[in-house]
Each structure stands twice: as C-alpha cells, then as structure tokens.
Ligand code: NAD
Ligand code: UD1
C-alpha cells in the first residue's frame, strides 16, 4: 500500500470501466472495502454482471453499475451527469494478442477510440484523474532484464500498439498547459503477468473458451477439464529452457492501483510505472509450484514454440516503490494456492 499517501478513499467516487472483468472485479471489491463509492461500467463483451453480486457479498455493500460501451458518448454523459466522479480507472479493453492480429480494426476501435471518447466526456465533466491499464507488452522483446520503464518501447502486436497509443495520448494530455487548474494527472500502469484470485475463492479469472494464458490452462488441466498442458518451447536460452515471466498476484496488482489512485487524488504528478514483482519464473517452475502447493497432478508435454513469445522478461519494480511506496507482497505459492481455491469453488470449473 502507498506508505506515503495520507489520502483515504472514503467518500470518493470512482468510475471503473471494465469493472466486471478479471482485474476490474478485484479492484472494485477493494475500493468498496476501503469506503470508496464505485460506479461500475461494462458492456459485458468478456464478462457477466453476475460477478457484481459476489463483489457486493465480499465487500458488504452495494454499488452503482451501468451496462454501457465506452465508445458510447451519450451513455457516458448520462453516467457523468448522474454521479459526482472524482477519478476514473480505465480497464475496459480487448486483450487477446492473437485476436488483435486477426482483427486489428476491432482492437483499434475498441481500445483507442474507446479511450478517446471516454477522455472527452471526462474532460467535459472536469474529471482529470485517470488510471490507465497498460501492459508489459509495450516493451516487446526487451534487450535486458529486469525491464525498467526507460527501456525501448516496441509493441509487436496490434494489442500492444493500442496500449502504446493509449499511453502516448495520455502523455500528451498530461503535458498540455493547465486551463483553469484542470491539469490531467495520469497513472499508466504496466502490468506484467497478473494471476491468482481473491483469497476468498469467490471471484477470479473466467476465460471464455480455451484459455490462451498459462495459469488458467494449468488450472483447467489440474481440474480434469483438459488432458494435458502443452509447454510452448523447451529450448529457450533460459535456465530450464522454458520461458520466464514475472507473475504477479492479482491482489498485489489491485493494491498498485489503489496506491496510484491515492497518489493522483493527493495531487501527485503523472507517472508511468511497472507493476511486477521483479522475480522471473519459468513455465516449469510455475507448473511445479502449482503441483506442489495444491497436491494435484498437471500432466504436460513439450510443444513447438508459440509464435511471438519472448524468451524472458521480468520487471524492475523500483520506480513504483519509489513513487508510490508500493511493492508486491505475495509469492508464487500464494498465486497458485489462490488460483486453485477459485477453480475449486466453481462447480462448472471441474470435470
Ligand atoms: P477482462 O477482459 O477480464 O476485462 C475487461 C473488461 O472490459 C471486460 O469485462 C469487458 O467486458 C470490458 N470491455 C471491453 N471492451 C469494452 C467496451 N468497449 N466498453 C465497455 N466495456 C468493455 O480483462 P482484464 O484481464 O481484467 O484486463 C483489464 C485491463 O488490463 C485491460 O485493459 C487489459 O488490456 C489490461 N491488461 C491485462 C493483463 C492481463 O494479463 N489480464 C495484462 C496487461 C494489461
Ligand atoms: C500474454 C500476452 C501479453 C498479455 C499477457 C497477459 C502474448 C504474446 N502476450 O503474455 O500481451 O499481457 O498474456 O497475462 O500472448 N504457455 C505455455 N502453454 C500454454 C500457455 C502459455 O507453455 O498453454 C507459456 C507461454 O509460451 C509463455 C508463458 O507460458 O512462455 C506465459 O504465457 P501467457 O500466460 O500467455 O503470458 P504471456 O505470453 O507472457
């Protein structure tokens, strides 16, 4: 948590777009728990409003939620005119790297036009505190690890490009001369690999169809929903030949958002920070830890490398620590344990 900020979220009102999704649902839960009022907005293209009932149960309070698309300016106007919003956390986006290559216009329209429409309406209602979901994918194939924010930016997919464009739009906005004291203050948060679930096991990641990402796939194999995991590549130049990533517990990621939000509400300057643990974990290490802490079996085989995969990257998280007083607290065992608790708590998540 932000050790330096005295700001509390009590009685603040935050607009959260993409609130029903994986990261949004966990963030809304914590915002409510800290006394914040939340206005949740989602078009449910990759989620369901069902999750709101569970969030309300966990937080012990209700909140406003609206079904709307962030590209629908009129719907946003209605939300902003009905609520006195202090800040916005913008999660709503499409996020599949492979899909973005097949449907570039769909991604550009949703993620870039969506951002622009949202910003214009926020500007009209004098809401200038903005937290943006960026991604470590903006670094492409980094020259060295750990990756600092000053590293060369080079998004290789359309999805990655939409995050870079988003960051660029926001940087220019924040640099514009202040009009009537209305300077934009923006926190661009570059997530590494968020995994795990709320420790209650009541909310978690709900991928539709065959999971693309490692942890959801491992969970489904352990649950007997899929016969085995394919490890994409065993001959990378890494200690055990499998790719290395920086997995970060969803609850730590959420804390990073709250620290950034408090920083902005405190009058802090715009910033761009990595949200990662600083530790690299290989695919095999993740699978072995999952098996060990949960007492399950996860059969796997080695398969061809997945096109576009980078051998290794993990964060240099020191800037977030310096500017926000934030650092990740959970280890890989916590991530595996909480992910599995979530998987086990859902009847449909088992064979
Ligand atoms: P998610 O798909 O679970 O959540 C995104 C939510 O946004 C969904 O509920 C979806 O219905 C909604 N949405 C999408 N387009 C919308 C639109 N036009 N209008 C309204 N709602 C819309 O994804 P997530 O994992 O929670 O990701 C949240 C954000 O974090 C995204 O911006 C994503 O790009 C970014 N991010 C995620 C990861 C990750 O590994 N999960 C990593 C880096 C960055
Ligand atoms: C991917 C996205 C990234 C996004 C992130 C969300 C790509 C190229 N990048 O990152 O933009 O922000 O998801 O967390 O898609 N793996 C297997 N078998 C599987 C699935 C994955 O071996 O069935 C391996 C992958 O090859 C990779 C590692 O596991 O080495 C992690 O994969 P994944 O969870 O998809 O994350 P990233 O590829 O790092």
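Laboratory data are not the source of any read-out in this text; all were calculated from the coordinates shown. The structure presented is a predicted model; accordingly, all values stated were derived computationally and were not measured. Positions of Cβ are backbone-derived with ideal geometry, glycine not excepted, and every protein chain shown enters the neighbour counts.
Kindly indicate whether residue 249 is within 26 Å of residue 327 (Cβ to Cβ), buried (at least 21 other Cβ atoms within 10 Å of the Cβ) and more than 12 Å from ligand 1 (Cβ to nearest atom). Spelling it out, residue 249 is indeed within 26 Å of residue 327 (Cβ to Cβ), buried (at least 21 other Cβ atoms within 10 Å of the Cβ) and more than 12 Å from ligand 1 (Cβ to nearest atom). As a summary of the residue check, residue 107 satisfies the conditions (1) outside any strand (DSSP E or B); (2) within 11 Å of ligand 1 (Cβ to nearest atom); (3) in contact with a strand residue (DSSP E or B) (Cβ under 7 Å, 6 or more places away or on another chain) except for the one numbered (3).
The selection criterion, being within 18 Å of residue 264 (Cβ to Cβ) and more than 21 Å from the chain's Cα centre (by Cα), does not hold for residue 72.
Take the residues in region 212-234 that are surrounded by fewer than 17 Cβ atoms within 10 Å (Cβ to Cβ) and within 16 Å of ligand 1 (Cβ to nearest atom); name whichever of them is farthest from residue 333 (Cα to Cα). That would be 212. Might you let me know whether region 81-90 holds any residue that is within 19 Å of residue 38 (Cβ to Cβ), assigned to a helix (DSSP H, G or I) and free of Cβ contacts under 8 Å to residues at least 40 places away in the same chain? Yes, because at least one residue in region 81-90 is within 19 Å of residue 38 (Cβ to Cβ), assigned to a helix (DSSP H, G or I) and free of Cβ contacts under 8 Å to residues at least 40 places away in the same chain.
Residues that are more than 13 Å from ligand 2 (Cβ to nearest atom), in a helix (DSSP H, G or I) and either more than 18 Å from the chain's Cα centre (by Cα) or in contact (Cβ under 8 Å) with a residue 12 or more places away in the chain (or both) do occur in region 123-141, at least one of them. The single condition among (1) part of a helix (DSSP H, G or I); (2) surrounded by 19 or more Cβ atoms within 10 Å (Cβ to Cβ); (3) touching a strand residue (DSSP E or B) at 6+ places or on another chain (Cβ under 8 Å) that residue 330 does not satisfy is (1).
State yes or no: is residue 48 within 16 Å of ligand 2 (Cβ to nearest atom), exposed (fewer than 15 other Cβ atoms within 10 Å of the Cβ) and under 21 Å from the mean Cα position of the chain (by Cα)? Taking the combined requirement at face value, the residue does not satisfy it.
Residue pairs whose Cβ atoms lie under 6 Å apart, sitting 6 or more positions apart in sequence or on different chains, and linking a residue in region 163-176 that is within 18 Å of residue 274 (Cβ to Cβ) to a partner that is in a helix (DSSP H, G or I), are 163/138; 164/138; 166/115.
Inside region 7-23, residues that are away from ligand 2 (no atom under 15 Å from the Cβ) and crowded, with 24+ Cβ neighbours inside 10 Å make up a count of 6. Can you pull out the residues in region 295-315 that are in a loop (DSSP other than H, G, I, E, B) and farther than 17 Å from residue 137 by Cβ? 295, 296, 297, 298, 299, 304, 305 - these are the residues of region 295-315 that are in a loop (DSSP other than H, G, I, E, B) and farther than 17 Å from residue 137 by Cβ.
When residue 203 is tested against the conditions (1) within 15 Å of ligand 1 (Cβ to nearest atom); (2) buried (at least 20 other Cβ atoms within 10 Å of the Cβ); (3) within 22 Å of residue 279 (Cβ to Cβ), the lone failure is (3).
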